Amino acid sequence: MDAKTNNIILQVNNIYKAFGKNVVFKNASFSVVAGDIVGIIGPNGSGKSTLANIILGFDSEYQGEIVFNNDVRIAYVPQFSNSDKYMLPLSVYEFIRSTANAYYGLKDVMNKSVIIKVLQHVGLDKKYLEQNVYSLSGGERQRVFIARALLNNPNFILLDEPLASVDYMSRNELYSLLQHLNQTHNITIMIISHDIDSIVNVCDSIFYLDKASVKDCKPKDFLKGSKTTQALKYNCKI
Ligand code: ADP
Ligand code: MG
């Protein structure tokens, strides 16, 4: 099917993926509507990061197909690991400049004014340019990651566990930012999370990874409190 005909930005078709005998996906299929905020949920080890790697093209060892709309411009906000804190100290400016090249092949983002502009888009003042990236709060750090993603002028952003080290108040602010980018800049947003509660209010659709397949759930189902949804909820907590 032509992905464009239905305003579908991404189709995941019959993915089979195994690591040795560990079958992570058997026949996983789902579609993402352009302009939606989409949640991918599932317990630890259910294959969320594996799916992200396949969608992003980092992993090509699978069967099935990933079909993107021709006009897609993808940006990725990776999961932050606490061990990253022990890397070399870098200012926000140095961090964005050095890693934007590796992530997006962007060579001409040395210009501070370009970086100041994307920082403004995520609500960070230019004074942050000189701050050590590892001294930022969890919420500020995610904003810097999102600012870097914006350098690629994306219309599809995939975020892996973006709320992992972000406190409750900052989560709401981060959601407001994602909703703003979604609505004002028409960016399709895919949020990977192990925690339904943290994303249910912000998503237009939710895909639940379970038993090597993908189930299409409606966000409102998770708010009804049925036994099934409570069970799903419980499973997705760590
Ligand atoms: P999640 O992100 O949902 O926590 P992952 O996608 O990281 O789950 O992992 C899914 C399964 O695949 C797990 O059983 C994990 O051990 C396995 N796995 C992930 N990456 C590799 C790898 N590079 N080699 C072998 N097994 C892997
Ligand atoms: Mg993961």
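Remarks
- Qualifying positions in the stretch 37-63 - more than 13 Å from H194 (Cβ to Cβ), buried (at least 18 other Cβ atoms within 10 Å of the Cβ) and more than 8 Å from ligand 1 (Cβ to nearest atom): I37, V38, I54, I55, Y62
- Cβ-Cβ contacts under 8 Å between residues 6 or more apart (or on different chains), taken from a first residue in the stretch 93-111 that is farther than 16 Å from A75 by Cα and assigned by TED's automatic domain parsing to the domain that holds V122 to a second residue that is at pLDDT 65 or above and among the charged types (D, E, K, R), are listed as Y93/K112; Y93/E130; F95/R148; M110/R97.
- Whichever residue in the stretch 36-46 is within 21 Å of D221 (Cα to Cα) and outside any strand (DSSP E or B) and, among such residues, is farthest from ligand 2 (Cβ to nearest atom): D36
- Residue in the stretch 132-158 that is surrounded by the fewest Cβ atoms within 10 Å (Cβ to Cβ), counting only those that are out of contact with any helix residue (DSSP H, G or I) (no Cβ under 7 Å at 6 or more places or on another chain) and under 18 Å from I55 (Cα atoms): N155
- Screening N27 on (1) among the polar types (S, T, N, Q); (2) assigned by TED's automatic domain parsing to the domain that holds N186; (3) modelled with pLDDT under 95; (4) not in a strand (DSSP E or B) shows it passes everything except condition (4).
- Filtered residue count, the stretch 19-35, keeping only those that are surrounded by fewer than 18 Cβ atoms within 10 Å (Cβ to Cβ) and touching a strand residue (DSSP E or B) at 6+ places or on another chain (Cβ under 8 Å): 6
- Residue pairs whose Cβ atoms lie under 6 Å apart, sitting 6 or more positions apart in sequence or on different chains, and linking a residue in the stretch 24-46 that is free of Cβ contacts under 8 Å to residues at least 40 places away in the same chain to a partner that is open to solvent by less than 20 Å² (accessible area, probe 1.4 Å), are S31/I8; S31/Q11.
The values are calculated or read from the model by the stated rules, or taken from the named source; none is laboratory data. Remember, predicted model here, so these are calculated numbers, not experimental data. Please note: Cβ atoms are built from the backbone with ideal geometry, for glycine as well, and neighbour counts cover all protein chains shown. Areas reflect the complete protein model, heavy atoms only, side chains present, ligands, DNA and RNA absent. Shrake-Rupley method; radii C 1.70, N 1.55, O 1.52, S 1.80 Å.
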